[in-house]
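Taking it in order: structure first as structure tokens, then the write-up.
The values are calculated or read from the model by the stated rules, or taken from the named source; none is laboratory data. Nothing here was measured: the structure is a model prediction, and the numbers come from that model. Counting neighbours? That spans all protein chains shown, and the Cβs are built from the backbone with ideal geometry, glycine included. Areas reflect the complete protein model, heavy atoms only, side chains present, ligands, DNA and RNA absent. Shrake-Rupley method; radii C 1.70, N 1.55, O 1.52, S 1.80 Å.
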Amino acid sequence: MNHLLKLMDLTEKDIIDILNTADQLKYEKKNGITHHILKGKTLGMIFEKSSTRTRVSFEVGMYDLGGTALFLSARDLQIGRGEPVQDTARVLSRYLDGIMIRTFDQEEVESLAKYGTIPIINGLTDYCHPCQVLADLMTIREHKGGLKGLKMCYIGDGNNMTNSIIVGCIKMGMSVSVACPDGYTPDADIMKWASENGTFECTTDVLKAAKDADVLYTDVWASMGQEGEAEERKKIFKGYQINSDVMAVAHDDAMVLHCLPAHRGEEITDEVLEAHADEIFDEAENRLHAQKAVLVKCLA
Ligand code: CP
Ligand code: NVA
């Protein structure tokens, strides 16, 4: 694997391979076993948006694997003042062994990969969040013992998370039901692909989507970059929430996941989040192990 730009580029086998490596790395970390597989390697981490989990998991991940991580805020880089991504890619390729980038436009990530000569890892764009979904699949597998045949239900904004959840879950043989308001559905290309390659539905009916679900997932109603729409979105998304009514129609042992940060009382109630905190914080922890697996696949 050269890059991780989006999950659509990976096969089911690639995903299983990453999940198996992540499980192994988690076991080793818990047992104090270290492998400095990335000794002497440096990862540049470009952030054009905020981050807690992605930044810390990649940074700690690099140290765990014997390498170094450089935090590069777009505010300080010349890219933030308009230096073309083609030039940035070619310059950074001469200093670094890999780049993890969090930005707005998916095209920017694809351009880094096109013009640079080092592995590029997508740490979230407006289009997708592949690293998060690898950690999510790892967490579901850990709690449920497998993935095939499970029903994933996503409730809320059809955003970057939704796009990656759909692709990741369908590739792993899960069915996916999404409940979103009209006009806030996932990207059309993703929905078309999902309908042609698996069991997929997109509805405005939250309870229909949640019926018999094995995993319930939600994300914020206003993503990074949409802060100005937050008040309007609170009205549009009212009811698109994981709450006790939704839990009542899902399977009794349904898991709840949230990529975090969460807005309690909006997309999820405090009660449901706290009742499923073990799953949600295992999911957050698994960012570290899954990111290390991605680093090993791309950089080792
Ligand atoms: N879930 C996630 O990507 O979190 P951060 O925005 O904190 O990195
Ligand atoms: N959809 C959210 C995900 C944050 C991890 C955002 O883009 O802000």
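Some observations on this one:
- Given (1) in contact with a Cys (Cβ under 9 Å, 6 or more places away or on another chain); (2) charged (D, E, K, R); (3) within 16 Å of ligand 2 (Cβ to nearest atom), index of the condition GLU229 fails: (1)
- ARG102 open to solvent by 50 Å² or more (accessible area, probe 1.4 Å), within 13 Å of the chain's Cα centre (by Cα) and within 16 Å of ligand 2 (Cβ to nearest atom): no
- Of the residues making up the range 280-296, those that are out of contact with any Ser or Thr (no Cβ under 7 Å at 6 or more places or on another chain) and either of a type in the set (Gly, Ala, Ser) or surrounded by fewer than 19 Cβ atoms within 10 Å (Cβ to Cβ) (or both) number 4.
- Condition met for LEU147 (crowded, with 22+ Cβ neighbours inside 10 Å, in a loop (DSSP other than H, G, I, E, B) and either within 16 Å of ligand 1 (Cβ to nearest atom) or at pLDDT 95 or above (or both)): yes
- Search result, residues across the range 25-51 that are surrounded by 14 or more Cβ atoms within 10 Å (Cβ to Cβ), farther than 14 Å from GLY61 by Cα and not hydroxyl-bearing (Ser, Thr, Tyr): ILE46, PHE47, GLU48, LYS49
- Residues being out of contact with any strand residue (DSSP E or B) (no Cβ under 6 Å at 6 or more places or on another chain) and open to solvent by less than 50 Å² (accessible area, probe 1.4 Å) - total across the range 192-212: 1
- Residue within the range 89-106 that is part of a loop (DSSP other than H, G, I, E, B), touching a Lys or Arg at 6+ places or on another chain (Cβ under 8 Å) and within 16 Å of ligand 1 (Cβ to nearest atom) present: yes
- Complete set of residues in the range 25-55 that are touching a residue at least 60 places away in the same chain (Cβ under 8 Å) and more than 16 Å from ligand 1 (Cβ to nearest atom): LEU25, LYS26, LYS29, ILE37, LEU38, LYS41
- When residues of the range 117-144 are limited to those that are farther than 28 Å from ASP214 by Cβ and open to solvent by 10 Å² or more (accessible area, probe 1.4 Å), the one farthest from the chain's Cα centre (by Cα): THR117
- Residue within the range 213-229 that is surrounded by 22 or more Cβ atoms within 10 Å (Cβ to Cβ), of a type in the set (Phe, Trp, Tyr) and closer than 13 Å to PRO181 by Cβ present: yes
- Residue list for the range 53-86, filter: within 16 Å of ligand 2 (Cβ to nearest atom) and at pLDDT 95 or above: ARG53, THR54, ARG55, VAL56, SER57, PHE58
- Of the listed requirements (1) within 14 Å of ligand 1 (Cβ to nearest atom); (2) touching a residue at least 40 places away in the same chain (Cβ under 8 Å), PHE71 misses just one: (2).
- Residue that is farther than 23 Å from ALA277 by Cβ, more than 16 Å from ligand 2 (Cβ to nearest atom) and basic (Lys, Arg), where the choices are LYS151, LYS211: LYS211
- Checked against (1) within 16 Å of ligand 2 (Cβ to nearest atom); (2) surrounded by 13 or more Cβ atoms within 10 Å (Cβ to Cβ); (3) assigned to a loop (DSSP other than H, G, I, E, B), PRO261 meets all criteria but (2).
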